[in-house]
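Q: Dropping a structure here in structure tokens format, bear with me for questions.
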Amino acid sequence: MSNSASFNRYDYYALLAFALTAVASIALQNFIWISIALFLFLSFKHSKKITWPSNLFTTATLIFLATYFIGAIAGINPAKSFQTIHKSLTFLMIFPLGAMALSIMDIRKLLDFFIAGATLCAVFGIGKHFLLHQDRIDSFSGDKMVFGGMLMVTMIIVTSFLTTFPKNYWLWASLVIIFWALILTQTRGAWLGVLTGFILLTWRFNKKWLGFGLAIFVVSFLVSPQEFQKRLESIGSIQLVYNEKHEVIGASQPRLLIWISGLRIIKDHPLGVGQGNIEDIYPHYRIDAPGNDIDVPHLHDNFLQILAQNGWLGLAAYLFWIFAFYFDALQFKSFQEEVRHWNWMFLCVFSSILVWGLTEYTFSHQFMNIQFFFMGISVLLWQKYSKKPAWI
């Protein structure tokens, strides 16, 4: 427990509860907001001055968040947008987390709890596959694609720990279980995301693991059931069917039709349609083709979704936000090797989410709590553990 806090760390216990249950339940994820509320209350009660994090990324986050409200006001149904836009305030989670007095030991324990909780959820999901014959497992989460993203980031964190503690057999067991469960989610975007994160991680910390790990990925593909192989192979299947007017009337994958419809929405609404309105307007732009859903809640691509709902200003802010994270992460320096290691680990997590976001909208409320939890810890590392010149 951090020695820089002078009061009982009930807020930290709530953080531990969040880390343990985050993959299991969106309801229990509210532990993180309890932790933040306690942090603010106890800081006020003890008259402790809060040092809010301030860097390029936190500034970019505020700008990006503002485009959600601008898009809502300029959108097709502001009243509906403001019924759901409060979920985007999850972005602000990084500020209190970045200001908390968490020690290295605190952070390590939080990550241990997160890995333990994710592993238990993976075991439960694998059990559902064999006992309930669930083709694409979702564990407790209720959404197979979100569950795949959760396992994706957990696998990168476990792999990062193993590069430091290669003889930790519990971590190896967790890695195998999580990898197995990730395959069973059949979430192709998460598969590509974890591969991206793994390559960046092992390239930086242990290049010997890179070739071995890639061989494991290949072997896993070759020995997996044929339906899984076809699903992975379908990633490269990009075929469109046109009519005599050169209009798209079919595609090899439904997502291609969704993306084309999204581009049509963007063309007609350059300022954005607003948060929560895609599903209402989508039927008017839907391509009537076999296998194409009538209703979709989002466009299955972060860039298209943000452009469609927040407008071109929102997309520019999103690109700046991405740049800001990489800028702050890559220029970060610390005297502590473990902190430097974690900084790169979170950069790999961020990269994997970006890749997953090419085929999924990752800013769902259930996943945002986890994503911004990790970003908050990154901000905390930059704020508390950066290398300072000797005269400061």
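Q: Kindly list the residues of segment 300-316 that lie in the label zone of Phe323, defined by a backbone N under 11 Å from the point 7 Å along the Cα-to-C-beta vector.
A: In segment 300-316, the label zone of Phe323 (backbone N under 11 Å from the point 7 Å along Cα→Cβ) covers 316.
Q: Here is a follow-up. Pulled fully out, how much extra length does the chain show between Gln83 and Leu214, if you take 0.36 nm times their separation in residues and subtract their Cα-Cα distance? Mind showing how you got there, number by number?
A: Values: separation 131, 0.36 × 131 = 47.16 nm, distance 4.49 nm.
Taking 0.36 nm per residue and subtracting the Cα distance, the gain is 42.7 nm.
Q: Using a simple spin-label model with points 7 Å from Cα along the Cα→Cβ vector, what separation in nm is obtained for Ile104 and Asp268?
A: 5.7
Q: Right, next: Within segment 95-114, find all residues whose amide N lies under 16 Å from a label point positioned 7 Å from the Cα of Trp52 along Cα-to-beta-carbon.
A: Zone members listed by number: 95-100.
Q: Length gain on complete extension for the stretch Phe165 to Ala37, per 0.36 nm per residue less the alpha carbon to alpha carbon distance? Before the final figure, lay out each step's value.
A: Values: separation 128, 0.36 × 128 = 46.08 nm, distance 3.47 nm.
Going from the current span to full extension adds 42.6 nm.
Q: Helix-only estimate, please: 222 nm mean residue ellipticity of the chain, summing -39500 (n - 2.57) across DSSP H runs of length 4 or more and dividing by its residues, to the nearest 500. Walk me through the numbers before you get to the answer.
A: Working: 16 runs with 261 residues, N = 392.
That comes out to -22000 deg cm²/dmol.
Q: Now a separate question. Could you sort the peptides 153-164, 94-105 by per-residue average Cβ neighbour count (10 Å cutoff), highest mean leading?
A: Details: 153-164: 22.9, 94-105: 20.7.
Going from most to least packed, we get 153-164, 94-105.
Q: Here is a follow-up. Kindly state, as a whole number, the per residue volume in cubic angstrom of the convex hull around the alpha carbon atoms of segment 342-392.
A: Details: hull volume 3.8 nm³, N = 51.
Taking the convex hull of the Cα positions in segment 342-392, it is 75 Å³ per residue.
Q: Could you compute the net charge surrounding Leu214? Neighbours are other residues with a C-beta less than 14 Å from the C-beta of Leu214; K and R count +1, D and E count -1.
A: Details: positive: Lys207, Lys208; negative: none.
Residues near Leu214 contribute +2 overall.
Q: In addition: Could you tell me which residue out of Ile156, Phe130, Ala74 lies farthest along the dipole of segment 73-159 toward its positive end? Charges go on the beta carbon: Lys and Arg +1, Asp and Glu -1, centred on the Cα centre.
A: Result: Ala74, furthest along the dipole toward the positive end.
Q: How are the C-alpha pair distances of segment 1-83 spread across 10 Å bins, as whole percents from the shortest bin up?
A: Taking all Cα pairs of segment 1-83, the binned fractions are 15, 26, 36, 19, 4, 0 percent.
Q: May I ask you to order 22-29, 354-361, 183-190 by the average number of other C-beta atoms within 10 Å around their residues, highest value first?
A: On the way: 22-29: 19.4, 354-361: 21.0, 183-190: 24.2.
Final packing ranking: 183-190, 354-361, 22-29.
Q: Stretch Glu338-Glu244 to full length: gain in nm at 0.36 nm per residue minus the Cα-Cα span?
A: On the way: separation 94, 0.36 × 94 = 33.84 nm, distance 6.10 nm.
Fully extending the segment from Glu338 to Glu244 adds 27.7 nm.
Q: If you average the C-alpha positions of segment 190-232 and of segment 7-49 separately, how far apart do those two centres end up, in angstrom?
A: Going from one Cα centre to the other spans 36 Å.
Q: Below 26 Å, Cα to Cα, which lysines can Lys49 reach? Residues fewer than 8 away in the same chain don't count.
A: Partners within reach: Lys109, Lys333, Lys384, Lys387, Lys388.
Q: Under 25 Å Cα-Cα from Lys267, which lysines qualify once same-chain neighbours fewer than 8 residues away are excluded?
A: Straight-distance partners of Lys267: Lys80, Lys245.
Q: On to the next question. To the nearest 20 debye, what charge dipole does the chain have about its Cα centre, counting +1 at the Cβ of each Lys and Arg and -1 at the Cβ of each Asp and Glu? It would help to have the intermediate numbers written out before the result.
A: Details: 28 positive and 21 negative charges, 273 e Å.
Its charge dipole is roughly 1320 debye.
Q: Turning to a different aspect of this structure: Suppose we keep just the alpha-carbon trace of segment 77-166; what are its Rg and Dmax in angstrom?
A: 17.4, 53
Q: When the C-alpha atoms of segment 41-112 are aligned to their principal axes, what extent does each axis show, in angstrom, from largest down?
A: Principal-axis extents of the Cα atoms in segment 41-112, largest first: 48, 30, 23 Å.
Q: Further question on the same structure: Against the 2.2 N^0.38 Å scaling, with N counting residues, where does the chain land? I'd like the Cα-based Rg ratio to two decimal places.
A: Values: Rg = 21.6 Å, N = 392, 2.2 N^0.38 = 21.3 Å.
Against the compact-globule rule of thumb, the ratio is 1.01.
Q: Along the positive direction of the dipole of the chain (beta-carbon charges: Lys, Arg +1; Asp, Glu -1; about the Cα centre), which of His365, Asn277, Ile32 reaches farthest?
A: Ile32
Q: I would also like to ask the following. Cα extents of segment 300-392 along the three principal axes, largest first, in whole Å?
A: Between the extreme Cα coordinates on each principal axis of segment 300-392 lie 48, 24, 18 Å.
Q: Go from 0 up to the bin containing the longest alpha carbon distance in segment 109-234, width 5 Å each, and give me the % of pairs per bin.
A: 2, 11, 21, 24, 22, 13, 6, 1, 0
Throughout, read-outs are computed from the coordinates displayed, never taken from laboratory work. Owing to the predicted nature of the structure, the values given are computational and were not obtained by experimental measurement. Using ideal geometry, Cβ is built from the backbone for each residue, glycine included, and neighbour counts are taken over all protein chains shown.
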